[in-house]
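Remarks on the structure that follows.
The values are calculated or read from the model by the stated rules, or taken from the named source; none is laboratory data. This is a predicted model, so every value here is computed, not measured. Here the Cβ positions follow ideal geometry from the backbone for every residue, glycine too, while neighbour counts run over all protein chains shown. Side chains included, ligands, DNA and RNA excluded: accessible areas come from the protein's heavy atoms. Shrake-Rupley method; radii C 1.70, N 1.55, O 1.52, S 1.80 Å.
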Amino acid sequence: MAGNPRNGRPYRRLTTYQRGLGLPCWLCGGEIAYWITGPEAGRHPEAFTLDHAVPLSLGGALLDPANARSAHRRCNSARGNRSTAAQSRRSRRW
């Protein structure tokens with residue numbers, strides 16, 4: 001049985017490359033706190049996470065650099081496996 005592919009060297013290399021670009025969050029456009037690393041990064045909502053433009057559950061490639069995006073942890077979690085960012089809710093008032 002194969003291990004988790006996100007623990008492998010190619011995935012870590014892609015994550016390091018994406019982090020090195022220092023791009024803003026592709027979902028909200030805000031600055032990402034790249035200096036937060038280690039165990040704290042797993043809990044902090046402003047920390048960097050590697051997001052995939054086409055979610056893996058919908059056929060996106062795990063190791064494709066064209067599918068990799070920088071995102072805040074909170075934005076990535078809120079988006080889930082949807083292929084686009086959630087739209088803002090509009091009022092039902094006419």
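Angle of helix 9-21 to the longest C-alpha principal axis of the chain, folded into 0 to 90 degrees and rounded to 10: 50°. When the chain is described by a simple charge dipole with +1 on each Lys and Arg Cβ and -1 on each Asp and Glu Cβ, the residue from Gln18, Cys75, Tyr34 located farthest towards its positive end is Cys75. Once both labels are positioned 7 Å from their Cα atoms along Cα-to-Cβ, the gap between Thr15 and Asn81 label points is 2.0 nm.
In the context of the full protein assembly, Trp26 retains an accessible surface of approximately 90 Å², using a probe radius of 1.4 Å and ignoring ligands and nucleic acids. Rounded to the nearest Hz, the phi-derived 3J(HN,Hα) couplings of region 42-56 under the Karplus curve 6.51 cos²θ - 1.76 cosθ + 1.60 (θ = phi - 60°) are x, 10, 7, x, 8, 6, 6, 9, 8, 10, 10, 4, 9, x, 4, where x marks glycine and proline. Derived scalar couplings between HN and Hα for region 22-32 equal x, 6, x, 4, 6, 8, 10, x, x, 5, 9 Hz in order, rounded to whole Hz, by the Karplus curve 6.51 cos²θ - 1.76 cosθ + 1.60 (θ = phi - 60°), x for Gly and Pro. Calculated on C-alpha atoms, the gyration radius of the chain divided by its Kirkwood radius gives an Rg/Rh of 1.02.
Compare Gly42, Gly80, Gly59 in a GNM of the chain, Cα atoms joined below 10 Å, and give the one with the largest fluctuation. Evaluated over the chain, the most mobile residue of the options is Gly59.
Can you give the calculated 222 nm mean residue ellipticity of the chain, where each DSSP H run of n ≥ 4 adds -39,500 (n - 2.57) and the sum is split over every residue, rounded to the nearest 500 deg cm²/dmol?
Details: 2 runs with 20 residues, N = 94.
Taken over the chain, the calculation gives -6000 deg cm²/dmol.
At a probe radius of 1.4 angstrom, the accessible area of the chain per residue rounds to 72 square angstrom.
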